[in-house]
Amino acid sequence: LGQASEAQEIGQALGEATRAELTIAPAVGSLHVGALAESNNLVAGVIRPISGERVRRDFRLEGETAILSLRSEGMFGPFVGSWGGKRGWELKLSPDVPLDLEISLGAGQSRIDLQDLMVSDVKVNTGVGETVVTLPEEGYVRAEIEGAIGNTVIHVPAGMEARIRFDTALVARQVPDDYQQQGDVYLSPGYAGADNRVDVEVGLAIGNVSIRPAGSQ
């Protein structure tokens with residue numbers, strides 16, 4: 001168990017939709033999400049499942065809203081080896097329509113790059129592993145980033161102001177020195193009155209959370 005299965009190409013045309021709600025939920029492995037270049041697709045990419053993993057795809061159009069769900073199904077595991085390499089999901093999303101995203105990963109490594117996407121609401125949940133989220137460059141964004149055990153890194157692009165609220169237990173926090181602390185809430189210097197801002201709820205039981213400027217390591 002735990003060996004890579006045949007890769008599956010994933011594609012869904014945007015069609016007449018003017019906004020979208022996406023659910024992306026692999027069980028284990030690596031997950032990379034980013035923005036498409038010029039394309040008429042809502043989503044495109046490749047999934048390399050582990051042995052026994054099946055991908056359930058559900059799509060419907062409600063008015064002008066495209067609703068797409070991609071989820072792991074099946075009996076598989078134990079998962080052996082690193083999170084990278086041949087096992088994982090690599091998906092790119094349309095930058096041309098507003099998106100609401102719900103992303104979950106049971107165990108593994110997530111790289112979620114929203115910088116070039118029009119995201120207004122995003123929820124990211126990882127059971128065990130490492131999560132790196134780069135927030136959008138503009139707009140008003142609501143984000144919930146949660147996990148049980150692991151390392152979480154949140155990159156804030158230049159020009160995007162942030163309000164970060166922590167709901168954590170045995171967790172180390174690294175926050176830029178110029179953020180103002182109010183209990184479990186941290187505010188970037190220009191948050192009050194900013195047009196481009198993000199409200200982030202961070203929940204983690206055990207591990208480490210770092211808030212960093214986009215582009216930093």
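Run the quick spin-label model on LEU61 and GLN8: label points 7 Å from Cα toward the beta carbon, then report their separation in nm to one decimal.
About 2.3 nm, to one decimal.
What's the FRET efficiency of GLU73 with VAL128 using the Cβ-Cβ distance as r and R₀ = 25 Å, to the nearest 0.05?
0.80
Projected area of the range 157-208, taken from the Cα convex hull and averaged over every viewing direction, in nm²?
Across all orientations, the range 157-208 yields a mean hull projection of 3.7 nm².
Rounded to the nearest 0.05, what FRET efficiency do SER51 and ASP121 have when you use their Cβ-Cβ distance and R0 = 41 Å?
0.75
Tell me, what is the percent relative contact order of the chain, built from C-alpha pairs under 8 Å that lie six or more residues apart? It would help to have the intermediate numbers written out before the result.
Working: 610 pairs, mean separation 40.6, N = 217.
Over the chain, the number comes to 19 percent.
Counting only protein heavy atoms and using a 1.4 Å probe, what share of the accessible area of the range 101-217 belongs to carbon plus sulfur, as a whole percent?
45 percent
Of the candidates LEU101, LEU93, LEU170, which one comes out as most mobile in a Gaussian network treatment of the chain with C-alpha springs shorter than 10 Å?
Most flexible of the set in this elastic network: LEU170.
Which length gain, in nm to one decimal place, applies between TYR140 and GLN182 when the Cα-Cα distance is subtracted from 0.36 nm times their residue separation?
Stretched out fully, the TYR140 to GLN182 stretch lengthens by 13.0 nm.
Under a no-solvent Debye model with one identical scatterer per Cα of the chain, what's log10 I(q)/I(0) at q = 0.08, 0.09, 0.13, 0.18 Å⁻¹?
Here the Debye-derived log intensity ratios amount to -0.28, -0.36, -0.74, -1.29.
How much area per residue is accessible in the chain when the probe is 1.4 Å and only protein heavy atoms are counted (Å²)? Mind dumping the intermediate values first?
Numbers: 10390 Å² over 217 residues.
Accessible area per residue: 48 Å².
Quick one: work out the % antiparallel among DSSP beta bridges in the chain, nearest 5.
25 percent
Mind giving me the nanometre distance, one decimal, between the label points for ALA169 and THR18, set 7 Å out from Cα along Cα→Cβ?
Each label point is offset 7 Å from its Cα along the Cβ direction, giving 4.6 nm.
So for the pair ALA148, ALA205, with labels modelled 7 Å out along Cα→Cβ, what separation do we get in nm?
0.6 nm
The values are calculated or read from the model by the stated rules, or taken from the named source; none is laboratory data. Remember, predicted model here, so these are calculated numbers, not experimental data. All Cβ positions, even for glycine, are placed from backbone atoms using ideal geometry, and neighbour counts span all protein chains on display. Protein only, heavy atoms only, side chains kept; ligands, DNA and RNA dropped before computing areas. Shrake-Rupley method; radii C 1.70, N 1.55, O 1.52, S 1.80 Å.
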